[in-house]
Structure formats: structure tokens, C-alpha cells
1. Could you tell me how many degrees, from 0 to 90 and to the nearest 10, lie between the Cα long axis of helix B:5-27 and the main elongation axis, the longest principal axis, of the Cα atoms of chain B?
2. Pull out the extension gain between A:Ile83 and A:Leu30, defined as 0.36 nm times the separation in residues minus the alpha carbon to alpha carbon distance; nm, one decimal.
3. Please name whichever of B:Leu340, B:Ile385, B:Phe279 sits farthest to the positive end of the charge dipole of segment B:257-392, dipole taken about the Cα centre and charges placed at Cβ: Lys and Arg +1, Asp and Glu -1.
4. State whether segment A:1-81 is rounded, prolate or oblate according to the following rule on the C-alpha gyration tensor (a ≥ b ≥ c being the square roots of its eigenvalues): a/c under 1.5 gives rounded; otherwise a/b larger than b/c gives prolate, and the remaining case gives oblate.
5. Taking neighbour counts of Cβ atoms within 10 Å as a proxy for exposure, in what order, fewest first, do A:Met280, B:Met417 appear?
6. Find, among the GluC sites (Glu not before Pro) in segment A:1-98, those assigned to loop by DSSP (not H, G, I, E, B) with at most 14 other beta-carbon atoms within 10 angstrom.
7. Do any trypsin sites (Lys or Arg not before Pro) in segment A:201-299 lie in a loop, going by DSSP, with at most 12 other beta-carbon atoms within 10 Å of their beta carbon, and if so which?
8. Between B:Lys188 and B:Lys297, what is the label-to-label distance in nm when each label sits 7 Å out along the Cα-to-Cβ direction?
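What follows is calculated from the coordinates using simple rules that are stated; it is not laboratory data. If you're wondering where the values come from, they're calculated on a predicted model, not measured in any experiment. Note that each Cβ is placed from the backbone with ideal geometry, even for glycine, and that neighbours are counted across all protein chains shown.
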Amino acid sequence: MKFREITKKTKIDFMGLRNKMFVLSAFLVLLGLFGFVMVSMGKANLSVDFTGGTELQIRFADPVPISSLRSALISGGIEDVQIQEVAGKNDFFLKTKLMNTGPQRVQDKISSIISASLPGKGFQVLGSNMVGSSVGKTLKQHAIIAIALSLLGIVIYIAWRFNFVFGVAATIATFHDVLALLGIFYLLHLEMNILFITALLTIAGYSLTDTVVVFDRIRENMAKMKSRADLGKVINNSINEVLSRTLITSLTVLLVIAALVVLGGHVLFDFSFALFIGVMVGTYSSIFVASPLIYLWRTRA
Amino acid sequence: MLKSLKLRAILIFVFLFISIIYLVPNIIELEGAWKKYFPSDKIHLGLDLKGGMHLLLALDTKKLMDNMLDRKFNQLKDGMIREGIRFVGLDKSSDSISVVVKADQREKFYNLLGKELPDMKVGASRNEGDSVALDLTYSEKEIANLKDNAIHQALETIRNRIDQFGVSEPVIVQQGESNILVQLPGVKDPERALELIGKTAQLEFKLVDEENAAKAGSGTIPEGDEQLMLKSRNRDTAVTMTTPILLKKQGLLTGDMLTDARVRIGGEFHNEPYVALEFNSEGSRIFDRITGENVGKRIAIVLDNTVYSAPVVRERISGGKASITGGFTPDEAKDLAIVLRAGALPAPVTVIQNITIGPTLGEDSIRKGVQAAVLGGLMVIVFMIFYYRASGIVADIALFLNLIYLLGAFTALKATMTLPGIAGIILTIGMGVDTNVLIFERIREELRLGKTVRAAVDGGYSKAWVTIFDAHITTLITTCILFMFGTGPIKGFAVTLAIGIIINLFTAVFGSKTIFDWILVKYKPRSLSI
């Protein structure tokens, strides 16, 4: 019987590649840790959800150059403002830190400045988001608790379904993915908002699913294993056996996420981009992080 | 798993039928008799899709305790004077009242406390010569109680205001200890709504201190007085001006004694809208007394520490009627009447989060979400057929079932669809076929081993099952945590993903296996297109 296959029967020596890949993984983890430190210090591109501040999405009927919008805001007294233009439309995203504008709200002040200094351009506020500093603090705490709890839930489940070694390996791999994603986002200076946290948790779940598939096969083959010396071979075979499945599922998930990246619009862009990167990292880690860890642990112990 | 093919098929169709029933109101507008046979709920859209306002308000509990203590302080002072208790000192700090009474007055003082302020407890007491110094504070329990009452009162007040303002399906709930979450879907004028909700609406009548007005001009404010701003609008230029005005701090009458507040137009007020007030019997009596005592003087009408007008009392006013003027626009007058009728907030609130989404943005988001879903779905469907050929069609049917069930369940559960929720559906499409990929790869392995089609299909399903189950559970763990910690939009994501995953376990395993079995029984194929 003939099948359509993206990978023929493979015999890749994944365990042999492990040290090279560990270097890459270590780099990703370090980048993530660095990113985490920067986030804690407030030096990353955090959304107003966390820092407090005001976000506005505005639209003009007629084209307005970003420079004249910026100078209008600055001369109106709004100096610390980030302006982002949506390509192809006359839409802009404005982001300001918490500031004291007296009794007048920041969003009102901004819109009155714009309508006064850029008249006749069909200015319109599509949406706004004002967050006080206390809200951001609670949210940060919740985000950290949520991530910690999911990781804990995952270890417990995997440790129960497999055994402790598998549980720890899966968790390290998941942790690796979360950190890698954080690091890449930090490096690319993409905005981290609540949706990003959601993406982190989703990826934690997804990456685990992937790891579980590989682990299931390793466990199945380990049961048939004759001597411990064969472990490397067994793990290699297991990964090769599920490789096409791993690649196909990642591909289907990546296809739909790509649709979201392209068509989802500004609100979902960072979120879907995070998912896109996360799925790739998750697939990588189940092969090159989780599985070699089992090998290392079992052959040393 | 059910053995009988027929029973399994019936189950799938029953679920399909129920889901479609629930989906009908989303697709066509039902009329007349049809309405009886179909559920009436459509998929509930979140604020990010529908447009509207999401507010998180923090009740100023510090100010609340301050107000409460203020009231107690005055009550205690009046009580001691009335009962003839000699006291040497009486003072108030941020969280306690300190009193120094003569030692022989101690018993009388305790009696007064028990009678008038049973909710306060005596903290430290020190002897100072022939006097005793006492600190009065609220007990922890009492503080919690007061805060709890205040937040409930605030919720009730805000609910009243919004009801009278007229917003359909508002959400007004307590969040955390002292926060209030308000969601106003589809609100047309968010600024006006915010103004209406956020106003403390503390109405007070206070006497203008004209004797000392000159002194205040030079910067010193006499004991027992306060200086507030008088707001006035020039009727011709519509420019609002504020001028300082000196008032006696002690209020004469407050807004809790109002029974009604209505907008009126005309009369002596130059055809301008003004708010007519009506007091209850106690309020009327007090108003009657204070106007009688102060003929020829000015009484200021103070709302949230701004003076709206300070008319001269020409004669005693009986009957409990008063009015507030201040050059209002009709909308301003209407909103003021609403907040006065609904009552004051127990303490000021601050807006700590305000998400406003215009209707354009919501429509935009829906369109983009649906486009992404259609494109993503199509790519997956095409890919599955390309890669697994006829079996890919089986997976696609399972996927289709999943989507119909998901949307049906979503409507039936009255869950709220948000933009991340749409992303959750799209992700479900991607993850849903994951299950079938796992099964198909297993079946291929079995076929490679030379098994018959029947044995390969059965083997593939049973061997993949454990893995599939584990994979679904791990994703469910994270979605549950997301649901626990997430706010509105994130909850929408968690709900769709969770429902999608649970349904997927049914459609991708049970559903697709049923289709396979049906094909195997009916056509008994020698080979499998997979």
C-alpha cells in the first residue's frame, strides 16, 4: 500500500544531535531568563494591561502622516506617546504611560488635541483602554500564579500517567518553551499583553500534547527493550516513528495560525504570532529537549 | 464504545440535530409560531465584538471610613453635650476618635457609648490626672462589615442609575474586595455614561458664611468653615466660571432625605432646565426649619463639593420642595436628576480600568475573525484530503461535526464569544485534526505490518486512544487555569478551547470511527485510501 508521506521511513540520529541542540536550547532559555528579568524590571514592551496607562485606536477618513500626528500630540502636551500605524489604512494605535491630566481623562485630552489640530480629517476614536496601576499589578501576579499553577498541574499529571522522570522532563521542556517564547518576544520587541500570557499558557498545553505523543511511544518501546544499553536507540526509533505525525500535526496547527496571523488584524496579531512561534518551539522541544533528558537521566542513574 | 453501528450513528445525528436547533436563531430571524419550537438565545457577543464599555471602579474605602468616623465624631460630640458629659478633649485621627473625659464622668460616657455608638470599641485608655483618655476605634469585624455594606450600596446605586439611564443587558458585579465591574454593551455615549456612574452625588445644603467672606479673601479660612468653588455658566457665552465661596462646614441637610428629583423647564429660570427636588417628611421638616432660621441669608446647594447655586432665602419654605439651577443643558439636568434619585455612592469611586470599544471596531474584529477561521479551516480541509485522501474526508467530516457541536454547545451554555474566543475556535480546528492525524498514522503503521484493513483500523484507533486522551487532558488543564485567572476576553478563549477539546474527543474518535466502520461494513474494502 502506498501512502502520501512528507517523511519516508526516517533514521535520524536525534540522540547524537543532542549536544548541539542543547546549546541552542540553553541559548533560548538564557534569552528567556534575560527577557524575564527585563520584564520584571519593566524594561520590556509591556502593554498597558500591566504597566497602567492609556491605549487608543483611532481612525481618520483622510490620510494623515504619522509625523504630523506625533507633532500635534507633542505640541498638545502629550509627549510620551508611542504611535503605531496600521499599514494600508488611516488607523493608528496610540499608547501612553499613566499621566496626570487633571480632571480630564487622558483619552479625552488626546482626542480633543487631535480634533483641534487636525481638523477636517474625519477623526474618530475606534476604541480605548485605560488601565490604572493597581490593575496592572494584580494582573502581573495573576499571570505568574497562572503559569506556575499550569506547570505544576502538568508535572502532576505526567508524573501520574508516566513516572517522575518523564514528568520532570516534560515540565523542563514546557518551561523551555515558555522561556524561549518570552525571550523571542523580548528580542523582537513585540508587545506583551494579557493575550501574550494566554498564548504562553496555550503553548504550554500544546507543547505538552506533543511531548506526550513522543513519550507514549518511548514508553511503549521501552517495555519491549531488552537491555538498558539500547535506550538511546529506542528513543531514536520512537522519535523517528512518530516524526511524520509530529510534523503533520504541527503543520495543520501552523496553517490555521498562519491564517490568524495574516487575517486576524492588529488585536490578534501578536497573539497569533506568539502561537506560531510557540508551536514550532514546542515541536522542537519534545524532540530535542524532553526526549534527550529522559536519555540523560536514565543512562546516568 | 458502542458495538451497534446503528446506535452510534443515531447518537451522532441526535447531537447534530440538537446543535442545529440551537444554532437556528443565530442564522435566521424566527417569526410567529416558529419561535415556540426553537430556543431564543443567540450566541452572546462579548464587548470586544459588540462594542461598549468595560469599567472597573474602585470604591475609595479610605474615604469611606473617614466619612463614617466623621459621622460618629459628630454624633459623639452632640451626645456628650446633650447628656452633659464634661470632656476635656475630643479629636479625630485617620482611624480613631480620641476623647478625654473627667474620671467621674466615665460611667456616663460608657452609657452613652453603649446607647449611641455600640459598633465602636474602646481601645487604649490612659489616666491623665483626674481625666481619662480613651481611644475609640472600629473593630476589624465592624470595618469589614462597613466595607461590605458600602460595596453593596454602591452596587445597588450604580444599578439604579444604569437602569434609569437605559442600557440593555448591563453587567454590574463586585470584583475582589472593593472593586465594581460594570459592562455596558453597545452603549452609545460612553462619556456620558461614565459621568453618570462615577459621580458620587453627595448632595448637601450648607450655609454661606458671608460675615467671614472678607477674611477668606486674604487667605485665612475661619475655624468650622470651608472654601468651595461656585460653578456658574454665562448664559450668553456658555463659558463656565468658578469662583470661591466660603461655607459653614456643618451641613444642614443631605440628599438621603430626597424622595424625588425631576427635570423641569422654565419659570423664573429663563427657560433653562433645572432639577426640582422633593424631600421626605423628615427632610421637609428640616428644610422648613433651616429656611425659617436663615431668612435673608444664603444657602448653598453643594453637589460633590462643588457649589451649584447659593440663593438667598427669602422666606420660610414649607412643603419640602427645592430646586437646583446652574445653567444645565437638558442632558446634564436629566443625568443629575437620575443620580439624585438613585442616591449617593457611600464613597467616591475611581475608574481604574476603562475599555471602550466602538461599534466599528467590533464589526471589524468579527469580520477578520471569521475570515481567518474560513481560510484556516479551508487550508486544513484541503490538506487533509491531499495527504490522507479518502480518509482525509472522514477527518474533515469529523471536523465539521466538531464545529457544529461546538457552536451549538456554545449557544446552549450561554457562553460569551470574544475575539480570542474566535481564535480558540480556529485553534480547535488545527488541534482537532491532530487527533485524526495520530489515528491515521497509527493505522498506516498497522497496514505496513501487513494487517487487514479491518484489523488496522481497529488497532490504529485503540492504540492511539491512550495518547489522544493524555493530550486532551493536558490541554484541558491549561484551559481550566486560563478560565480561573482570565478576564472577559481570555475566558472566552478558554471556554471555546475547552468545549472544543471535549467535543473533539467525541467527534474525532467516536465520530470518525463510526464513519470508518460504516464504510467497512458496507463496502468491505480490500485496501484503504489513507
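1. The angle comes out near 40 degrees.
2. Working: separation 53, 0.36 × 53 = 19.08 nm, distance 3.09 nm.
The span from A:Ile83 to A:Leu30 would gain 16.0 nm if fully extended.
3. Ranked along the dipole, the leading option is B:Ile385.
4. Details: a/c = 4.38, a/b = 2.00, b/c = 2.19.
Oblate is the answer for segment A:1-81, as a/c is 1.5 or above yet b/c matches or exceeds a/b.
5. Numbers: A:Met280 17, B:Met417 25.
So the residues, fewest neighbours to most, are A:Met280, B:Met417.
6. Details: sites: A:Glu5, A:Glu55, A:Glu79, A:Glu85; in loops: A:Glu5, A:Glu79.
Answer in residue order: A:Glu5, A:Glu79.
7. Values: sites: A:Arg217, A:Arg219, A:Lys224, A:Lys226, A:Arg228, A:Lys233, A:Arg245, A:Arg298; in loops: A:Lys224, A:Lys226.
Within segment A:201-299, the qualifying trypsin sites (Lys or Arg not before Pro) (loop, at most 12 other Cβ atoms within 10 Å) are A:Lys224, A:Lys226.
8. In this crude label model, B:Lys188 to B:Lys297 measures out at 4.6 nm.
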